[in-house]
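Asker: The following block contains the structure, expressed as structure tokens.
Computed from the coordinates by the stated procedures, all read-outs in this text should not be read as laboratory data. Please read all numbers here as calculations on a predicted model, not as lab measurements. Note that each Cβ is placed from the backbone with ideal geometry, even for glycine, and that neighbours are counted across all protein chains shown.
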Amino acid sequence: MEITAPPAGPPVRYDDVDVTDPGVYEECQHARWRAMRADTAITRHTEPATGEVFWGFPRYAECDRIVKDHRVFGSEDGTILASVGVGDSAGGRTITLMDPPLHGDIRRPTMRTLGHSVVRKRAAGIRERVRTLAQPCLAGGEHDFAKLMRLLPMVVIGELMGIPDEYWETIAHYTTASIAPDDPEYVSGESTHQTLRRAHHELFACFARIIDAKRAHPGEDLVSALITLETEGAPLDDLRVALNCYSFLLGANSTTPHVASHTLLALAERPHLWDAALADPSSTTLLVEEGARWTTPTNHLVRRVREDTEIAGTTLRKGDWVCAWVASANRDESVFPDPYTFDPTRSPNPHLAFGGGPHYCIGAPSSRMALGMLFDELGSALEGVEPAGPITHLRSNWINGITSMPMRFHRRRSSR
Ligand code: HEM
């Protein structure tokens with residue numbers, strides 16, 4: 001989705017679109033979300049394929065409660081709009097689709113392989129791989145930044161997960177195909193269904209080989225943690241290990257590259273910010289937070305109501321579906337002053353781009369570190385960037401992504 005500030009003038013209508021239609025997100029939705037927030041705390045929608053009703057929440061306060069209050073708003077039946085009315089076949093079996101307390105059985109042991117202390121210990125290796133990935137840009141000239149960034153998550157978490165690099169390209173490609181099967185870049189069959197089948201087939205074939213290898217030679221990585229952990233008194237079977245690999249890789253590949261691209265684009269469109277935003281690691285730390293808020297790669301997070309409750313003056317019943325528009329919450333003017341200003345010095349910045357509560361992004365430490373290193377490297381080597389061709393956005397109602405972004409990279413004439 002293109003990111004623009006809503007134009008001044010009368011509010012746009014928000015009740016005349018099918019918010020589940022991926023085509024809608026080819027246009028910036030911020031004017032529509034602003035109109036929703038101004039008008040109401042809750043909207044009613046119908047999922048066209050199933051006829052199921054779901055409730056939308058555009059303001060920060062309700063989104064914050066929905067993502068944090070797992071007792072009332074559960075994840076087991078699905079967390080994206082595609083699940084509304086049909087659920088998710090992996091429900092109850094993967095970290096993203098489980099509710100506490102069982103969710104903790106997967107979360108605690110896997111967190112140990114991705115937490116702050118582990119990523120700090122691996123920082124030198126991660127920096128080296130990030131620098132190698134960005135090398136064409138650091139050397140100057142024209143490059144498609146979005147295409148290069150497709151591998152950013154894999155160079156960061158590939159090793160932490162225990163995934164050999166020969167699989168990285170395939171995994172990066174097919175995880176994106178599985179969240180955007182309608183996108184022309186990722187279509188690989190005659191229908192959405194065929195693209196999805198092929199993507200899942202390729203991914204699960206990789207996972208089967210990786211799991212076999214880890215069973216033979218376990219290490220201190222995430223796949224080994226999945227193989228050895230126990231839930232309800234038993235280890236996970238191979239299918240459940242593979243489904244969890246899928247969840248982690250989807251979480252990484254559908255988000256991190258798009259924060260990198262949208263953040264670089266925001267800087268390219270505001271060249272006066274370049275030097276200060278990239279001055280040193282403390283400024284790139286704030287830049288990454290603002291880049292995450294600005295991008296909010298997951299437009300929405302869906303939950304299902306587990307017990308009758310009251311929210312925004314409305315009673316919701318057990319079984320109702322709710323959709324927290326986190327992309328809208330991250331522009332809520334009651335929380336973020338000048339929300340449509342890209343401000344790399346913004347602090348505090350309590351955005352919900354990494355979610356919240358028990359499902360708070362488990363990859364946040366690694367992706368924050370990698371994005372910080374990426375922008376440190378770009379700032380040291382370059383005096384600026386500018387767009388060098390048309391930008392192509394991912395066709396998806398869920399992920400706000402960029403698939404192609406040609407940019408011109410200008411090397412610094414003297415080192416900083
Ligand atoms: C800038 C990068 C990233 C963003 C913006 C992001 C965003 C998010 C969000 C919004 C959630 C909450 C989902 C929910 O509540 O339903 C989440 C959870 C998750 N993320 Fe990330 N993510 C990023 C990077 C990563 C990486 C690198 C990994 C891989 C390790 C990852 C793996 C996961 C997993 C497995 C969950 C589920 C955690 C749980 O259910 O306990 N993410 N992420």
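Asker: Estimate the FRET efficiency between A49 and K121 by the formula 1/(1 + (r/R0)^6), using the beta-carbon distance for r and 51 Å for R0, to the nearest 0.05.
Answerer: Working: r = 47 Å, r/R0 = 0.92.
Efficiency, from the Cβ-Cβ distance: 0.65.
Asker: Divide, for the stretch 22-411, the radius of gyration over alpha carbons by 2.2 N^0.38 Å, where N is the residue count.
Answerer: 0.96
Asker: Reachable lysines from K121, Cα under 28 Å, same-chain residues fewer than 8 places away excluded?
Answerer: Those lysines meeting the cut-off are K214.
Asker: Related question: Between T132 and D21, what's the calculated FRET efficiency when r is the beta-carbon distance and R0 is 56 Å? Round to 0.05.
Answerer: E(calc), rounded to 0.05, equals 0.90.
Asker: Neighbour counts of other C-beta atoms within 10 Å: give me K214, K68 arranged from fewest to most.
Answerer: The order, fewest Cβ neighbours first, is K68, K214.
Asker: Under a point-charge model restricted to the Cβ atoms of Lys and Arg (+1) and Asp and Glu (-1), what is the dipole moment magnitude of the chain relative to its Cα centre, in debye to the nearest 20?
Answerer: Roughly 980 debye for the chain.
Asker: Would you mind ranking M36, M111 so that the residue whose beta carbon has the fewest other beta carbons within 10 Å leads the list?
Answerer: Neighbour counts put them in this order, fewest first: M111, M36.
Asker: What is the sum of charges around E2, taking Lys and Arg as +1, Asp and Glu as -1, for the other residues whose C-beta is under 10 Å from the C-beta of E2?
Answerer: Result for the local shell: -2.
Asker: Here is a further query. Go through 274-283, 42-51 and give me the packing order, highest mean Cβ count within 10 Å leading.
Answerer: Details: 274-283: 15.7, 42-51: 14.0.
Result, highest mean Cβ count within 10 Å first: 274-283, 42-51.
Asker: With unit charges on the beta carbons (Lys and Arg positive, Asp and Glu negative) and the dipole taken about the Cα centre of the chain, which residue among T392, A381, P101 sits farthest to the positive side?
Answerer: A381
Asker: Report, in cubic angstrom per residue, the convex hull volume of the C-alpha atoms of the stretch 266-416.
Answerer: 129
Asker: What is the fewest-to-most order of D144, D338 by other Cβ atoms lying within 10 Å of their Cβ?
Answerer: Fewest to most other Cβ atoms nearby, the residues stand as D338, D144.
Asker: If packing is taken as the average count of other Cβ atoms within 10 Å, what order do 99-110, 171-182 fall into, highest mean first?
Answerer: Values: 99-110: 16.6, 171-182: 22.3.
In descending order of packing, they fall as 171-182, 99-110.
Asker: Can you give the FRET efficiency for L239 and R13, using 1/(1 + (r/R0)^6), R0 = 30 Å, r = Cβ-Cβ distance, to the nearest 0.05?
Answerer: 0.10
Asker: Quote the relative contact order of the stretch 260-416 in percent (integer), defining contacts as alpha-carbon pairs under 8 Å separated by 6+ residues.
Answerer: Normalised by residue count, the contact order of the stretch 260-416 is 27 percent.
Asker: May I pose another question? What does the charge count near S396 come to, summing +1 for each Lys or Arg and -1 for each Asp or Glu among other residues with Cβ under 9 Å from its Cβ? Before the final figure, lay out the partial values.
Answerer: Details: positive: R395; negative: D182, D183.
Residues near S396 contribute -1 overall.
Asker: What are the residues whose amide H is under 5 Å from the amide H of S404, where those residues sit 5 or more places off or on another chain and H is modelled from the backbone?
Answerer: Distant-sequence amide H within range of S404: T392.
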